[in-house]
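The values are calculated or read from the model by the stated rules, or taken from the named source; none is laboratory data. Remember, it's a predicted structure, so these values are computed and weren't measured experimentally. Every residue, glycine as well, gets a Cβ built from its backbone with ideal geometry; the counts of neighbours run over all protein chains shown.
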Amino acid sequence: MKITGFTIIRNAIKYDYPVLEAIQSILPICDEFVVGVGNSDDGTLELIKSIGSPKIKIIESVWDDAKREGGLVLSIETNKVFDAIAKESDWCFYIQSDECVHEDDLSSIKTAMEKYKDDKEVQGLLFDYKHFYGHYNYIGTGRRWYSKEIRIIKNDKSIRSYKDAQGFRTGNGEKLKVKQIDASIYHYGWVKSPKAQQAKQENFHKMWHDDNWMKENIPVVEEFDYSKIDLLDNYKGTHPALYKERIAKSNWKFNYDNSKVQISFKNKFLHFIEKTFGWRVGENKNYILIKD
């Protein structure tokens with residue numbers, strides 16, 4: 001069984017993307033790893049090269065900044081890298097530059113890939129998600145966060161990165177048939193210093209919206225306001241070991257008061273159902289789950 005990891009990145013240093021942790025978190029179970037490095041002005045290419053692993057293959061690319069609707073440029077660049085993966089690979093493990101896999105999950109992930117490698121019905125593997133917000137000790141539990149997504153796909157080039165590269169579908173838009181596996185993706189995109197988060201937001205939204213939308217919706221401020229959030233819980237689990245240094249260096253304060261959160265009665269009720277029964281009513285699922 002051959003496994004290839006892949007990701008895309010641009011201006012990782014400038015916007016404080018933890019791409020090294022993302023790559024290194026799954027590198028132990030990958031036979032190779034393809035990184036699409038976009039045209040950057042901050043030394044991102046050198047950063048990726050610093051990993052120093054013979055498994056790493058770099059593809060340099062110039063992103064089309066005119067593709068600003070719906071984050072389309074992200075799926076375009078993701079597909080470029082996916083298409084560069086050789087046919088000898090059985091599985092392709094996609095990880096975004098602000099995601100990480102816990103070392104405790106690597107064994108079960110590889111076991112699942114071995115189990116379903118020759119199963120023609122299974123097109124991908126589905127992960128649970130842990131979305132951190134504000135600081136490393138808070139995790140999002142509201143309905144704004146997607147609870148699951150596909151991160152491992154068969155090496156079938158009829159599969160395409162979908163819309164803004166959150167997940168995958170077939171080239172004609174059909175949802176992939178997937179198996180749920182016992183592993184999580186740790187998503188840290190909303191954990192940065194308020195100043196770094198504001199800089200990221202100002203750049204990130206340019207891939208979705210035009211200049212007029214940016215002027216109306218993204219305030220010109222020094223620091224991001226983390227207080228505009230709904231439901232969070234204290235996180236009591238462990239983080240990937242690769243995040244030890246980042247967590248130690250986190251020197252900003254984020255205080256969350258659940259009693260001051262204002263959400264509708266409907267969302268309170270739906271949250272209660274999910275917390276009590278584990279069922280997210282009306283969730284938009286970007287996949288077809290194959291049940292055991």
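Within segment 98-112, being buried (at least 21 other Cβ atoms within 10 Å of the Cβ) and free of Cβ contacts under 8 Å to residues at least 24 places away in the same chain holds for no residue. Checked against (1) crowded, with 18+ Cβ neighbours inside 10 Å; (2) over 16 Å from the mean Cα position of the chain (by Cα); (3) at pLDDT below 90, Lys200 passes all but a single condition, namely (2).
Within segment 54-103, the set of residues being within 20 Å of Ser158 (Cβ to Cβ) and among the small types (Gly, Ala, Ser) comprises Ser75, Ala84, Ala86, Ser89.
Of the strands (runs of 3 or more DSSP E) lying entirely inside segment 65-146, those containing at least 3 residues that are within 26 Å of Lys55 (Cβ to Cβ) are 91-94, 99-101, 124-133. Checked against the criterion of being buried (at least 18 other Cβ atoms within 10 Å of the Cβ) and in a loop (DSSP other than H, G, I, E, B), segment 41-62 contains not a single residue that satisfies it. For the residues Tyr243, Tyr188, Tyr256, the requirement of being part of a helix (DSSP H, G or I), surrounded by 11 or more Cβ atoms within 10 Å (Cβ to Cβ) and either at positive phi or aromatic (Phe, Trp, Tyr) (or both) singles out Tyr243.
Each residue in segment 137-163 was checked for being within 16 Å of the chain's Cα centre (by Cα) and hydroxyl-bearing (Ser, Thr, Tyr), and 4 of them qualify.
Taking residues in segment 113-128 that are among the basic types (Lys, Arg), and partners anywhere that are surrounded by fewer than 14 Cβ atoms within 10 Å (Cβ to Cβ) and in a loop (DSSP other than H, G, I, E, B), the pairs with Cβ atoms closer than 7 Å and at least 6 places apart or on different chains are Lys117/Met1.
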